[in-house]
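What follows is a set of notes on a single structure, which appears directly below.
The values are calculated or read from the model by the stated rules, or taken from the named source; none is laboratory data. Owing to the predicted nature of the structure, the values given are computational and were not obtained by experimental measurement. Here Cβ is always computed from backbone atoms with ideal geometry, including for glycine, and neighbour counts include all displayed protein chains.
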Ligand code: GTP
Ligand code: SPV
Ligand code: MN
């Protein structure tokens, strides 16, 4: 069996020295670490302090092991090549272990906690033999911040520790904040590759048996077998979304798969916007957008996760709990995201990108043509017959402070004005529309659907429902999650942010994108800001409020009138067919589905039938 989560009353006291614990660590932290070490039997235990010296030591260890190679063109930058089967999140191996299967709901893989503890106990037994066990105390959000939370990740992967340095606030301050409390999330990760005495290690050790397991009631995470980001950086999707969504339900706030940005105009207009798009559907790009329309500027606050709480003033206040960006490399270029390109010039860990002959990184979409002499993501001379040079889910890991667009006050909470939902929809879904009210907005969020991307295993391009872009990340029954969103609207009342739907990915008959996207998306954000301020005109349609003629700024954009019409075309027949699918999707939630969503569905259908 895996050991239990720490409880308020400490188990039998453990000498801190026996697990190399720093002076002053909470005895329950020490006892828990000892219990994990007893099970996993590491050769050594190291507590992460989050210092640059420690980061350098981890880099040296990974260079020595061949896990990373230098990227000579970029100071302090490295390339990690993963095992070819360890490149993305594994939703089929991700489990929610609630006592009652209904609490995991129909969209999660449920396992009974007792039997999962037994399975994991077997897998973790001796799983760190011959390796160093790292203990990483971290804070999501600034240490001690009003919306922040604490956790400890134990891992036997130096790649995970180095990545956590960039992605979270690691170290002594977080550990000190855990003194006198058990309000922190214990998370254990093992690559599942014990080393026998004298055995030669491989560059990217991992195990083909994989379990990414969550125990929502006891707030525990146990992950085995994979070292890929979303499976192994347990602070991110496992804690900040799956466990945090359960905490948010219980404590009256929201933990969401969203970007966070501030859009400012020279004339003083300011809007704070959060946006949920499924994985690899444009959050990082929108968060770092360089507006093409004059007067506007975007400041980045976050690109993947947002925690939001109603404040004393009644408004919804938001933070990005992370400390860095784990972004999609392919498609990133000077044209599409110059901010990201600038941020990756130094101090970046790349994973599964290609290497150029002159010692730089490359991926599909960075330049039109692949340069000569590329080494592909698996370390072979690039041959198109083997597939792309960079893996489609190749990523970069950098600290947030490296983004030139980062807001100076990015660690502080901001009051939200607007929330947008979107996905990759090649047909049917218009460029932008506004929900009529909060409940309709929850309906819009709950009916998000998108083409599957390379961020998780599965068939790329297949359209699936991904409500709130949270399908893989909600730690409880999504029917209850929808209700929680509706309740939030009641609580916020007139202070609630306005809700919108966007789609940058509508295609023409030849398969090309109708909308230029990227920096031009600022035009859509400008209309949204106008709606929030009450200055932009809208037209009510069956599926929501669309820009009135002339209210969306298309000045200087080379778009034919027919293309604009196509971007906003609503095909009632196609929408009625879509509603059949929505109804089937809703049906699986049974009594957990809030009646408000049924009311919204019926209303939209009635409107479509009476166009
Ligand atoms: P995760 O980190 O997986 O959660 O993804 P994300 O939502 O942050 O996605 P990201 O911004 O990294 O975008 C993924 C891909 O979509 C990249 O290849 C981008 O180039 C592409 N993309 C982003 N915005 C646009 C857009 O406006 N139009 C088009 N055509 N492509 C876009
Ligand atoms: C996603 O897949 O949505 C990501 C990357 O943001 S990961 O952290 O691996 O989940
Ligand atoms: Mn994501």
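What number of residues within the range 12-53 satisfy the criterion of being more than 18 Å from residue 185 (Cβ to Cβ) and not in a helix (DSSP H, G or I)? Of the residues in the range 12-53, 17 are more than 18 Å from residue 185 (Cβ to Cβ) and not in a helix (DSSP H, G or I). Taking the range 446-459 as the range and being away from ligand 3 (no atom under 16 Å from the Cβ) and either in contact with a strand residue (DSSP E or B) (Cβ under 9 Å, 6 or more places away or on another chain) or not in a loop (DSSP other than H, G, I, E, B) (or both) as the test, the residues that pass are 446, 447, 449. What about residue 255, is it touching a helix residue (DSSP H, G or I) at 6+ places or on another chain (Cβ under 8 Å) and more than 16 Å from ligand 3 (Cβ to nearest atom)? No: the conditions fail for residue 255. Taking (1) touching a helix residue (DSSP H, G or I) at 6+ places or on another chain (Cβ under 7 Å); (2) part of a helix (DSSP H, G or I); (3) buried (at least 19 other Cβ atoms within 10 Å of the Cβ) in turn, residue 576 satisfies each apart from (3). What about residue 575, is it in contact (Cβ under 8 Å) with a residue 12 or more places away in the chain, assigned by TED's automatic domain parsing to the domain that holds residue 261, away from ligand 3 (no atom under 16 Å from the Cβ) and over 21 Å from residue 335 (Cβ atoms)? Yes; evaluated as a whole, the condition is true for this residue. Of the residues in the range 539-546, none is at pLDDT 95 or above, out of contact with any helix residue (DSSP H, G or I) (no Cβ under 6 Å at 6 or more places or on another chain), part of a helix (DSSP H, G or I) and surrounded by 12 or more Cβ atoms within 10 Å (Cβ to Cβ). Residues being surrounded by fewer than 23 Cβ atoms within 10 Å (Cβ to Cβ), part of a strand (DSSP E or B) and at pLDDT 95 or above are entirely absent from the range 115-130. Only a single criterion out of (1) more than 24 Å from the chain's Cα centre (by Cα); (2) closer than 30 Å to residue 200 by Cα; (3) exposed (fewer than 14 other Cβ atoms within 10 Å of the Cβ) is not satisfied by residue 84, namely (1). Restrict the check to the range 304-314 and report whether at least one residue is assigned by TED's automatic domain parsing to the domain that holds residue 492, within 21 Å of residue 524 (Cβ to Cβ) and in contact (Cβ under 8 Å) with a residue 12 or more places away in the chain. For the range 304-314, residues assigned by TED's automatic domain parsing to the domain that holds residue 492, within 21 Å of residue 524 (Cβ to Cβ) and in contact (Cβ under 8 Å) with a residue 12 or more places away in the chain: present.
Only one of the listed residues (379, 365) is without any contact (Cβ under 8 Å) to a residue 60 or more places away in the chain and not assigned by TED's automatic domain parsing to the domain that holds residue 539. That residue is 365.
Is it fair to say residue 448 is over 28 Å from residue 85 (Cα atoms), within 16 Å of ligand 2 (Cβ to nearest atom) and assigned by TED's automatic domain parsing to the domain that holds residue 508? So residue 448 fits the description; yes.
Would you please name the residue that is nearest to ligand 2 (Cβ to nearest atom), looking only at residues in the range 285-297 that are surrounded by fewer than 24 Cβ atoms within 10 Å (Cβ to Cβ) and touching a residue at least 24 places away in the same chain (Cβ under 8 Å)? Even if it seems obvious, please write down each step before you answer.
Applying the first criterion (surrounded by fewer than 24 Cβ atoms within 10 Å (Cβ to Cβ)) to the range 285-297 yields 290-297.
Going one step further and asking which of them are touching a residue at least 24 places away in the same chain (Cβ under 8 Å), we end up with 290-293, 295-297.
Details: 290: 22, 291: 24, 292: 26, 293: 28, 295: 31, 296: 26, 297: 25 Å.
Among those that are surrounded by fewer than 24 Cβ atoms within 10 Å (Cβ to Cβ) and touching a residue at least 24 places away in the same chain (Cβ under 8 Å), it is 290.
The residue of the range 460-501 that is nearest to ligand 2 (Cβ to nearest atom), among those that are part of a loop (DSSP other than H, G, I, E, B) and over 20 Å from residue 216 (Cβ atoms), is 466.
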